[in-house]
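K.L.:
Pasting a structure here, questions to come.
The values are calculated or read from the model by the stated rules, or taken from the named source; none is laboratory data. Worth saying up front: this structure is predicted, and the values here are computed from it rather than measured. Reconstructed Cβ throughout: ideal geometry from the backbone, glycine too, with neighbour counts over all protein chains shown.
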Amino acid sequence: MADSPIIKAESRDEFGKGASRRLRRAGRLPGVLYGSHIDEPVHFHVDLLEMTAIVRNDGVNAIVELEVDGEQHLAMVKHVDQNVLTLKIDHIDLLGIKRGEKVEVEVPVVTEGEVAPGAQLLQEADTVLIEVDALKIPDEITVNIEGLAAGTQITAAELALPAGVTLIVEGETLVINVTEEEVAEVPEEGEENAEAEGIDPSEVEATEESDQSAES
């Protein structure tokens, strides 16, 4: 993870939806900083565009140096409230951390390569919970699926983790599941023509059967 960006914040003493809306209209993002070594939660507001860029570039586990009223705090993005309509960030929670401290975080799992012909990939888990040094959080955990055949499964315990990373999620958690590719049923000629004409295929079968009975 790159050097932690420094972001300047101002403390706030007005709370509630109305106060938060006024801050956002002014281009500010309300947030709160808390942690085991922080006596009381620190309520602050920062530049909305600046913090949004950090979250989008570094992800929800981004580490920042938050400067509030001249005091700096090393912190990790813990939770983001996003507006479902505008997709803008409405509020942010930061977890105060110490250098060398280990934290539990959800990290994305991504795949590389292609499964074998005739197989299809089902990714059962998009993230896994790990414990790692707060300043060494991996951006993602990569799984090579090149040539994997149907019937292959990869659990969390089988993931190749970077040095210093400990798996927290249950090792038996299924992450990758390779199954046989589903083949669409090809309709018979009579059914295909009937569907094209908007006729129920069962009616075609009934008509064919009655024709055969008449001929006999």
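K.L.:
What tally of residues in segment 135-146 results from selecting those that are within 30 Å of Val77 (Cα to Cα), assigned to a loop (DSSP other than H, G, I, E, B) and among the charged types (D, E, K, R)? Steps first, please.
P.N.:
To start, the set of residues in segment 135-146 that are within 30 Å of Val77 (Cα to Cα) comprises 135-144.
Checking which are assigned to a loop (DSSP other than H, G, I, E, B) leaves us with 137-140.
Next, only the ones that are among the charged types (D, E, K, R) stay: 139-140.
Number satisfying all stated conditions: 2.
K.L.:
Now for a separate question. Has segment 38-56 got any residue that is in contact (Cβ under 8 Å) with a residue 60 or more places away in the chain and either within 21 Å of Glu104 (Cβ to Cβ) or basic (Lys, Arg) (or both)?
P.N.:
Within segment 38-56, the first condition is being in contact (Cβ under 8 Å) with a residue 60 or more places away in the chain, and the residues that meet it are none.
Scanning segment 38-56, I find no residue that is in contact (Cβ under 8 Å) with a residue 60 or more places away in the chain and either within 21 Å of Glu104 (Cβ to Cβ) or basic (Lys, Arg) (or both), so the answer is no.
K.L.:
Check Val64, Val77, Val46 and return the single one that is farther than 29 Å from Val165 by Cβ, buried (at least 19 other Cβ atoms within 10 Å of the Cβ) and of a type in the set (A, V, I, L, M).
P.N.:
Of the residues listed, the single one that is farther than 29 Å from Val165 by Cβ, buried (at least 19 other Cβ atoms within 10 Å of the Cβ) and of a type in the set (A, V, I, L, M) is Val46.
K.L.:
Please find, among Ala149, Ala163, the residue that is assigned to a loop (DSSP other than H, G, I, E, B) and without any contact (Cβ under 8 Å) to a residue 12 or more places away in the chain.
P.N.:
Details: Ala149 fails: without any contact (Cβ under 8 Å) to a residue 12 or more places away in the chain.
Just a single option satisfies the conditions, and that option is Ala163.
K.L.:
A follow-up question, please. When the residues of segment 87-105 are narrowed to those that are under 15 Å from Ile168 (Cβ atoms) and not hydrophobic (A, V, I, L, M, F, W, C), which ends up farthest from the chain's Cα centre (by Cα)?
P.N.:
The selected residue is Lys102.
K.L.:
Which ones in segment 6-52 are assigned to a loop (DSSP other than H, G, I, E, B) and either among the polar types (S, T, N, Q) or not assigned by the TED database to the domain that holds Asp90 (or both)?
P.N.:
Within segment 6-52, just Ser36 meets the criteria.
K.L.:
Sticking with this structure for a sec: Being more than 18 Å from Lys78 (Cβ to Cβ) and buried (at least 17 other Cβ atoms within 10 Å of the Cβ) is the filter here, so list the residues in segment 21-43 that pass it.
P.N.:
Result: Leu23, Arg24, Arg28.
K.L.:
Is there any pair linking a residue in segment 82-97 that is in contact (Cβ under 8 Å) with a residue 12 or more places away in the chain and within 17 Å of Ala26 (Cα to Cα) to one that is assigned to a loop (DSSP other than H, G, I, E, B) and basic (Lys, Arg), with Cβ under 9 Å and at least six apart or on different chains, and which?
P.N.:
Taking only residues 6 or more apart or on different chains, not a single pair turns up.
K.L.:
Of the residues Val128, Val204, which single one is outside the structural domain of Met76 (by the TED database), modelled with pLDDT of 95 or more and outside any loop (DSSP other than H, G, I, E, B)?
P.N.:
So the residue among Val128, Val204 that is outside the structural domain of Met76 (by the TED database), modelled with pLDDT of 95 or more and outside any loop (DSSP other than H, G, I, E, B) is Val128.
K.L.:
Let me ask something else about it. Of the residues that sit in segment 106-125 and are outside any loop (DSSP other than H, G, I, E, B) and within 10 Å of the chain's Cα centre (by Cα), which one is farthest from Gly59 (Cα to Cα)?
P.N.:
Looking at the filtered set, the residue picked out is Val109.
K.L.:
Kindly list the number of the only condition in (1) in contact with a strand residue (DSSP E or B) (Cβ under 9 Å, 6 or more places away or on another chain); (2) within 25 Å of Ser20 (Cα to Cα) that fails for Glu104.
P.N.:
All conditions are met except number (2).
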